[in-house]
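Worksheet: one structure, shown below.
The values are calculated or read from the model by the stated rules, or taken from the named source; none is laboratory data. Please read all numbers here as calculations on a predicted model, not as lab measurements. Neighbour counts run over all protein chains shown; Cβ positions are idealised from the backbone, glycine included. Surface areas here come from the heavy atoms of the whole protein model, side chains and all, with no ligands, DNA or RNA. Shrake-Rupley method; radii C 1.70, N 1.55, O 1.52, S 1.80 Å.
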Amino acid sequence: MPISRKEFWKVKQFGEIPKEYSILPISFLNFHRDEDSNKFLLRGINVKAIELINPYINDCEDLYSISLNFKDHFWKEINKFWKENKDNHFFISTIFSENSSIYQCNLVRVNESKIYCFVCDDHHEKNVKINQELRNFKSSFHTIFNHVPVGVVILNKEGQIEDVNNFFIELFGYSMEEIISQNIDGLIVPEKYIKDGKRLTDLALNKKVIREEGIRKTKKGDLLEILIHAAPIIQDQDQTGVFLIYQDITQLKVALKKMQETGRKLEKLHQVVHKMDAAEDETKLCHVTIEAAANILKLDTCIIVKAQGEKMVPLVSIGDLALNEFPILAKGEGIVGLTFESKETQYLGDIKQNSRALSLGKGFHSVISVPIGDFGVFQAISSEIDAYSEEDIRLVELLIGHTEGVIKRIMLTKELYYQANHDALTGLINRHHFNQILEKEVKKARRYKYGLTFLMIDIDNFKLVNDSLGHLKGDETLKKIGSLIKDSVRDSDYVVRYGGDEFLVMMTEINGFQIQANIEFIIDRIYSSCEKWFLTEKYIPKDISVSIGAAHWNSEGDLSIKEILQQADEWMYSQKRSGDL
């Protein structure tokens, strides 16, 4: 308890105070340095200082036990003065007392162990300034407290709400009157999570700093995902309450979930890319594409429509509608036609709002329609209105973009293969490719024990066309003869441009009594088609005709393919000489 006036004289009696300072109207304190503890201890204090500082004294009435209610700042200053200012016998410092008063003091080094302290009682002006700064700080804090974009709550040490900010009221929908003095857990923690909420509050009330995610409810009963920060409020080393921050992360969680779902979809897309790259024809690739789309999107039907001439023909589909249930459309018809012509993605959240989409059929509402370059159109169709998001559209565009790239690669590969294996002028198989085909067909014929028939065809007097009409007409003649020969044989037969004006036909799977009949029938068709054309084309010289030689290879015979081809060639030349079969 504070020392009384009566007790003060006891202190004065034992205190070491110079006589001239004992009744001085200025606060005086005498400090001695204790060598054992290396600390400064109070050895004397006058009446004025007693009244000003109001020290505490223990029951032992020992001056050494008097406790000055100075903050640590003063003791640090006096020790600093002693250690660092040995040559300076005078020092001005400041005393901050526990009641927030500020006093200026003059420290005087008397000798190696003694310091006198004179305290000036002129702190009023400084306290006014401090109090004003404190009020300014409280005002600034209150402004931040109410406008920070997170819910802030101050609890007392019983867990009851003492204050909340505006954002907390807005977030949870309660008025200030409904909140103050309420238990925070009973107010906003759902029944399902009440134990967890109480655990968190108990930890915070036991000086624990916490950062956790949890579920909290609004006044309306809506559940929010909240990031909760909790920290103890400490005063004089005692906990007086809890400071809580509630950050609504519901939308963040939704966005994170969407991002994770997008990640899963992209992973599926990445996996299917390898499968797409392995496809060797457009139809197989389209099957892979729509299967991937069905795994990525929520859809009822998926289809790829291919451009063929002036029509858009359904190629592959998956889902509720079979392929034959989709109509064949003109290139400019429907959403398919619009997508193909514009080369831009079309999205309809409700097809009833667009007459061009009615061809999709009843029961469907949403459609994503994406062009596949010059190849065709992809469509993902759903029975739900607004079934697809912008993210879905971007994913589909990524998928179809890769599909288009693979289609271009397949088509380029086919084109390169075709150019490498076909005659550039007539489009017929070239001699190099024929040798590869011949090797495979010979193995097949030997396995299944059937023969191969060869027709060697030459244009008689073809030089007359080049000499009299020019090489352009000569090229036209070669192309036409090659076309007539191809139209005269079976689809399974091979037609080869064998030399300059020579053609070769290889007929497969012919045996026994079929041989002679088939050879004669095909030869007659070739002769008839060519002679008819020669007669209708006025520019063709009268001496132009074709000669045909035939030979049959038996898989069980003794003659080689080379020998059979030689026989066909000799027969052809014999026809040139004789002019008849």
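Which percent of the accessible area of the stretch 140-246 is formed by carbon and sulfur heavy atoms (probe 1.4 angstrom)?
Values: 3140 of 6080 Å².
Carbon with sulfur: 52 percent of the solvent-accessible area.
Can you send over the carbon and sulfur percentage of the accessible area for the stretch 355-514, probe radius 1.4 Å, protein chains only? Walk me through the numbers on the way to the answer.
Numbers: 4150 of 7890 Å².
Answer for the stretch 355-514: carbon and sulfur cover 53 percent of the accessible area.
At most 16 other Cβ atoms within 10 Å and a DSSP loop assignment: could you name the trypsin sites (Lys or Arg not before Pro) in the stretch 196-249 that fit?
Numbers: sites: Lys198, Arg199, Lys207, Lys208, Arg211, Arg216, Lys217, Lys219, Lys220; in loops: Lys207, Lys208, Lys219, Lys220.
Answer in residue order: Lys207, Lys208, Lys219, Lys220.
As a quick test, which of the pairs Lys198/Lys258; Lys463/Lys542; Lys284/Lys306; Lys48/Lys114 have an alpha carbon distance above 22 angstrom in this structure? Show your work: numbers first, answer last.
Values: Lys198/Lys258 32 Å; Lys463/Lys542 13 Å; Lys284/Lys306 13 Å; Lys48/Lys114 20 Å.
Among Lys198/Lys258; Lys463/Lys542; Lys284/Lys306; Lys48/Lys114, the Cα-Cα distance tops 22 Å for Lys198/Lys258.
Rounded, prolate or oblate: pick one for the stretch 394-504, where a ≥ b ≥ c are the square roots of the eigenvalues of its C-alpha gyration tensor, a/c under 1.5 means rounded, and failing that, prolate if a/b is larger than b/c, else oblate. Before the final figure, lay out the partial values.
Numbers: a/c = 3.25, a/b = 1.43, b/c = 2.28.
Note, shape of the stretch 394-504 comes out oblate.
On the full set of protein chains, 1.4 Å probe, figure out the accessible area of Ile233 and give it in Å² to the nearest 10.
Accessible area, nearest 10 Å²: 40 Å².
Just to be sure I understand the model, the point goes 7 Å from the Cα along the line to the Cβ. What's the resulting Ser389 to Glu170 distance in nm?
Inter-label distance under the simple model: 2.5 nm.
Expected output is a single nm value to one decimal: the length gained when fully extending between Glu344 and Leu223, i.e. 0.36 nm times separation in residues minus the C-alpha distance. What is it?
On the way: separation 121, 0.36 × 121 = 43.56 nm, distance 4.16 nm.
So the chain would gain 39.4 nm between Glu344 and Leu223.
Given a 1.4 angstrom probe, I'd like the percentage of the accessible area of the stretch 299-342 that is carbon and sulfur, rounded to a whole number. Can you show the working numbers first?
On the way: 990 of 1980 Å².
C and S fraction of accessible area: 50 percent.
Kindly provide the trypsin sites (Lys or Arg not before Pro) of the stretch 407-491 that DSSP labels as loop, not H, G, I, E or B, and whose Cβ sees at most 16 other Cβ atoms within 10 Å.
Values: sites: Lys408, Arg409, Lys414, Arg431, Lys440, Lys443, Lys444, Arg446, Arg447, Lys449, Lys463, Lys473, Lys479, Lys480, Lys486, Arg490; in loops: Lys449, Arg490.
Listed in order of number, the matching sites are Lys449, Arg490.
Mind checking which lysines have their Cα closer than 20 Å to the Cα of Lys449? Skip sequence neighbours fewer than 8 apart in that chain.
Lys440, Lys562
For the stretch 431-481, report the accessible area per residue in Å² (1.4 Å probe, heavy atoms, rounded to an integer).
Working: 2870 Å² over 51 residues.
That works out to 56 Å² for each residue.
Rounded to the nearest 10 Å², what accessible area does Glu397 have for a 1.4 Å probe in the complete protein model?
The accessible area of Glu397 comes to roughly 80 Å².
Could you sort Phe434, Phe534 by their accessible area in this structure, using a 1.4 Å probe and putting the largest first? Please report the intermediate quantities before stating the final value.
Numbers: Phe434 0, Phe534 25 Å².
Sorted by accessible area, descending: Phe534, Phe434.
What order do Tyr539, Tyr418, Tyr448 take when sorted by accessible area (1.4 Å probe), most exposed first? All intermediate terms of the calculation are to be shown ahead of the outcome.
Values: Tyr539 50, Tyr418 95, Tyr448 140 Å².
In descending accessible area the options line up as Tyr448, Tyr418, Tyr539.
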